[in-house]
Amino acid sequence: MVGSGLPAPARRHWGGGRLQWPLLTLLLLLGVNALLNPGLLHLQWRDGHLYGSLIDILNRAAPLILVSLGMTMVIATRGIDISVGAVVAIAAAIAGVMIGGTLVIHDGVASHVSRFPMPLAMAAAVGTALLCGLWNGLLVARVGMQPIIATLILMVAGRGVAQLITGGQIITIYYEPYFAIGNGFLLGLPVALYIAGAVWLLLQFAVSRTALGLFVQAIGINPVAARVAGVREELITVCVYAFCGFTAGVAGLIVSSNVKSADGNNAGLLMELDAILAVTLGGTLLSGGRFSLAGSVIGALIIQTLTSTIYAIGVPPEVNLVVKALVVFVVMLLQSADFRALVRSALRRPAELTGQP
Amino acid sequence: MSSPLPLLHARGVRKRFPGVQALAGVDLCLRAGEIHALMGQNGAGKSTLIKVLTGVYPPDQGEVLLDGRPLRARTPLEAQQSGISTVYQEVNLCPNLSVAENIFAGRYPRRGWQGGWAIDWQRMAVQARQLLARLHLDIDVTSLLSEFPLAVRQLVAIARALGTESRVLILDEPTSSLDDDEVGRLFTVMRQMRDDGLAILFVTHFLDQVYAVSDRITVLRNGGLVGEYATATLQAADLVTAMVGRSVCLDRQATAAARGDIARRTPALEARSLGRRGRIRPTDLSLCAGEIVGVGGLLGSGRTELARLLFGLDRADHGELLLAGSRTVLDSPLDAIRHGLAFCPEDRKGEGIVAELSVSDNIILALQSRQGIWRHLSSPRQAEIAQRFIDLLEIKVADRDTAVGQLSGGNQQKVVLARWLAISPRVLILDEPTRGIDIAAKQEIMDEIRRLAGQGLAVLFISSEIDEVARLSDRITVLRDRRKIGELPGGSDEHAVYRMIAAGS
């Protein structure tokens, strides 16, 4: 019975496994969507790239995927970051203000000019977002604040900061090359998808090929024991929050590029809640420890599919949040093992009664 | 006054968990008016049997009879209503509530309209006093629980479990956090309850306690029944043999005390008036390679505080630390690990294991920390290291990927020990490595410590069980009131340690 001598295959718990329910949910949602909206699955090759609702969903999901990846790591350390929406707005504001852009006609040739070089503007935006994450991380790991309170500070203040940067205005961006991030295509697929995919791959690599995955889980499950075992729990926690800020910054670039403007008030609004939901839908527990990056990506796709569906089938705008909440409720019920057991026993009991006269 | 008819009778109980046959046909006969000890090593099936008796687990086979009728309890609450009360090892009481509130938490007596919307505080106090009177305990039930010593809290936990109609009381290691006087007090109450006709099932690891209080003993081993004995006719050595399945030498084993050359070597670890305000006063300590230095002292004497200073978990604000002869300031546990130090903390669940991670991940955690985040141990390498220590320490686990939280206490402790052996330390600090684990696992761990010292490891062995310290150590440092009061040579017996503590100098 106790075969301690038998070498069992070493399973890796992060990244994979337990994905069947999130995947099933996504497929179910797409199926319903396709029934209501037959055009959904229709893909078309036009002007050298793919067009279609599915591509559209993927493209629009990219910012949420990015933020969800950062959020997954934070939640795995038993933390939470509710400031990501505000950080998205800050990054978008910085990018918007620094790029701005005017159309200059010189010798009859129209060319776009940005206020600062575009790479500099993007680096400043993402760098500031990283600093925001760093601030959160220091508050949590160094000062010892509760994560939800520590990040609440920036959640509230961040929108104000974004407003200050944009001067309270919606900044419109007129610099053509910048639009490639949120609207462009590369080899037939949206550029934003490549960005989200690259961050996912890098993170996946980091958690499975370095000890990051082990350390983050150890911290999330038992921070004291992790520290006694030599895990640099403070440093890793700070880095995880900084990374979460970084993903929010990149998401801010995509969002501002996609809508060609920076709106301190509305960019990334309530994105923190969508991200937390995506992580939860993907099977990562809010109590920390075990996490699944692929699950969070699927979770983000579920949410975007839902949002797109609601718009596509013409749910009146005044009820669409209620519809979304209902669907999320049902999905969470389906994914709850307790609820499934309850349903199963409720189904079995009448069967037993008829089986035993 | 034990009656021949069993009050609670388990017959041929079998219970299987994935990968483990937890119970393989166990009988237990509990009579009214007896104290019945349930003995066995960790993993013998004691906890599973208790959970079957109290309705937590249904048995796969066999039956539990109460008064000759099958017990139909499916939850601990139903078991309690049928008259079977249980007090678990971890006392889940709230120190910031009153005694009466603790006793009635979740089922406060109500008064007022329609069964009551308000708590009937007076009735609660009266009933609490009645329940405690059954335990022969007369205290102010409106005082906060935190005002009472542990033994009284243990009795309050029993009162909480004990309904007025209880006939069977199951005590799962009630004495593990009590001192000798408190144990004596608990036993007095247990005897009184027995004489009142209650059937008491008593689980403990302490042999002397079994002999002090029990009438009969049932021994389990590896999920099977070894036998039921009358305590008066069973020798201690035979009891241990029954539990372990082979004879164990309980006597003092020859330590390598003859290592006279140790004193002339540079100590692997030396503390020179190392201290921290409010934790431990400046203390001198030296520890050589191949030496086991015991730290003896009562609870609160500063044992753990000393270990935390030596391992860099707390910063010293006085004195200096020398490792292999050179002055060192340890900023963090990682620092200590890099200097070849290892530390098994006292609180295994809180500071030792990472419960939801696998055995394998737990074993490699410290080694991976020392290697840093980039030099990742490959899966085959992890598996190899984990398997080596699983075999070396005979950790009983079906699969390296089992979550360590599912293991028994002794095996969890071995996993923590394996974690530290994996970094091949020069100095090993063990804080209560044998707490709450059974006698055979204890012996195995102590043998392992001795073997490691023989290979040149310096071991600091901290334990509240002074006889263990005396048996194992080459030298004994004695602490009292957060300072070192002296040192005794190896071979001193426990009474010498107690005398030194009592004398206080």
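The values are calculated or read from the model by the stated rules, or taken from the named source; none is laboratory data. Because the structure is predicted, anything quoted here is derived from the model rather than measured. All Cβ positions, even for glycine, are placed from backbone atoms using ideal geometry, and neighbour counts span all protein chains on display.
Of everything in the range B:383-393 that's touching a helix residue (DSSP H, G or I) at 6+ places or on another chain (Cβ under 7 Å) and more than 8 Å from chain A (Cβ to nearest Cβ), which residue is surrounded by the most Cβ atoms within 10 Å (Cβ to Cβ)? Among those that are touching a helix residue (DSSP H, G or I) at 6+ places or on another chain (Cβ under 7 Å) and more than 8 Å from chain A (Cβ to nearest Cβ), it is B:Ala386.
Residues that are in contact (Cβ under 8 Å) with a residue 60 or more places away in the chain and within 24 Å of A:Val207 (Cβ to Cβ) within the range B:333-389 comprise B:Ile337, B:Ile353, listed in sequence order. Failed condition for B:Lys46, given (1) crowded, with 21+ Cβ neighbours inside 10 Å; (2) farther than 24 Å from B:Phe187 by Cβ; (3) in contact (Cβ under 8 Å) with a residue 40 or more places away in the chain, with all others met? All conditions are met except number (2).
For the range A:41-70, the set of residues classified as part of a strand (DSSP E or B) and free of Cβ contacts under 8 Å to residues at least 60 places away in the same chain consists of A:Gln44, A:Arg46, A:Tyr51, listed by residue number. Restricting the range B:336-361 to residues that are more than 15 Å from A:Ala218 (Cα to Cα) and of a type in the set (Asp, Glu), the residue that is nearest to the other protein chains (Cβ to nearest Cβ) is B:Asp347.
Evaluating A:Gly230 against the criteria (1) at negative phi; (2) crowded, with 20+ Cβ neighbours inside 10 Å leaves one unmet condition, (1). Within the span defined as the range A:204-225, one or more residues are more than 30 Å from B:Phe343 (Cα to Cα), within 19 Å of the chain's Cα centre (by Cα) and among the hydrophobic types (A, V, I, L, M, F, W, C).
Across the range B:91-133, the qualifying residues are those that are among the polar types (S, T, N, Q) and under 21 Å from B:Glu165 (Cβ atoms), and the one among them that is surrounded by the most Cβ atoms within 10 Å (Cβ to Cβ) is B:Asn102. All conditions but one from (1) surrounded by 24 or more Cβ atoms within 10 Å (Cβ to Cβ); (2) assigned to a helix (DSSP H, G or I) apply to A:Gly79; the one that does not is (2). Considering the range B:394-404, the residues that are in contact (Cβ under 8 Å) with a residue 40 or more places away in the chain and facing chain A (nearest Cβ under 7 Å) include one that is surrounded by the most Cβ atoms within 10 Å (Cβ to Cβ), namely B:Arg400. Exactly one residue out of A:Ala294, A:Ala300, A:Ala341 is more than 30 Å from A:Pro147 (Cα to Cα) and either at pLDDT 85 or above or among the aliphatic types (A, V, I, L, M) (or both): that is A:Ala341.
Would the range A:288-302 turn up any residue that is among the polar types (S, T, N, Q), more than 14 Å from chain B (Cβ to nearest Cβ), closer than 16 Å to A:Asp56 by Cα and within 22 Å of the chain's Cα centre (by Cα)? No, the range A:288-302 has no match at all.
Note on the range B:321-335: among residues that are surrounded by 13 or more Cβ atoms within 10 Å (Cβ to Cβ) and more than 13 Å from B:Pro267 (Cβ to Cβ), the one that is farthest from the other protein chains (Cβ to nearest Cβ) is B:Leu330. The set of residues in the range B:220-266 that are at pLDDT 70 or above and of a type in the set (D, E, K, R) comprises B:Arg221, B:Glu228, B:Asp238.
Run down A:Arg115, A:Arg60, A:Arg78 and say which single residue is touching a Gly at 6+ places or on another chain (Cβ under 9 Å) and within 27 Å of A:Gly264 (Cβ to Cβ).
Numbers: A:Arg60 fails: touching a Gly at 6+ places or on another chain (Cβ under 9 Å); A:Arg78 fails: within 27 Å of A:Gly264 (Cβ to Cβ).
Every option except A:Arg115 fails the conditions.
Restricting attention to the range B:285-328, the residues being in contact with a strand residue (DSSP E or B) (Cβ under 7 Å, 6 or more places away or on another chain) and without any contact (Cβ under 8 Å) to a residue 24 or more places away in the chain number 3. In the range B:156-221, counting only strands (runs of 3 or more DSSP E) that sit wholly within it, the ones holding 2 or more residues that are surrounded by fewer than 23 Cβ atoms within 10 Å (Cβ to Cβ) and charged (D, E, K, R) span B:216-221. Once the range A:136-148 is narrowed to residues that are surrounded by fewer than 20 Cβ atoms within 10 Å (Cβ to Cβ) and in contact (Cβ under 8 Å) with a residue 12 or more places away in the chain, the residue that is farthest from A:Gly249 (Cα to Cα) is A:Arg142. Among residues belonging to the range B:449-505 that are out of contact with any Ser or Thr (no Cβ under 8 Å at 6 or more places or on another chain), at pLDDT 85 or above and part of a loop (DSSP other than H, G, I, E, B), point out the one that is surrounded by the fewest Cβ atoms within 10 Å (Cβ to Cβ). This residue is B:Gln455. Identify, from the list B:Ala441, B:Ala418, the residue that is part of a helix (DSSP H, G or I), in contact with a helix residue (DSSP H, G or I) (Cβ under 8 Å, 6 or more places away or on another chain) and either modelled with pLDDT under 80 or closer than 30 Å to B:Arg272 by Cβ (or both). Criteria check complete, one pass: B:Ala441. Just one residue in the set A:Asn258, A:Asn265 is outside any helix (DSSP H, G or I) and either away from chain B (no Cβ under 14 Å) or at pLDDT 95 or above (or both); that residue is A:Asn265. With respect to the conditions (1) modelled with pLDDT under 95; (2) assigned to a helix (DSSP H, G or I), A:Leu138 lacks only one, and its number is (1).
Among the residues of the range B:362-382, the ones that are surrounded by fewer than 21 Cβ atoms within 10 Å (Cβ to Cβ), of a type in the set (Gly, Ala, Ser) and at the interface with another protein chain (Cβ under 8 Å from one of its Cβ atoms) come to 2 in all. Comparison of B:Leu38, B:Leu49 shows that the only residue that is of a type in the set (A, V, I, L, M), in a strand (DSSP E or B), within 26 Å of B:Val397 (Cβ to Cβ) and assigned by TED's automatic domain parsing to the domain that holds B:Leu234 is B:Leu38.
Restricting B:Arg31, B:Arg14 to those that are away from every other protein chain (no Cβ under 14 Å) and among the charged types (D, E, K, R) reduces the list to B:Arg31.
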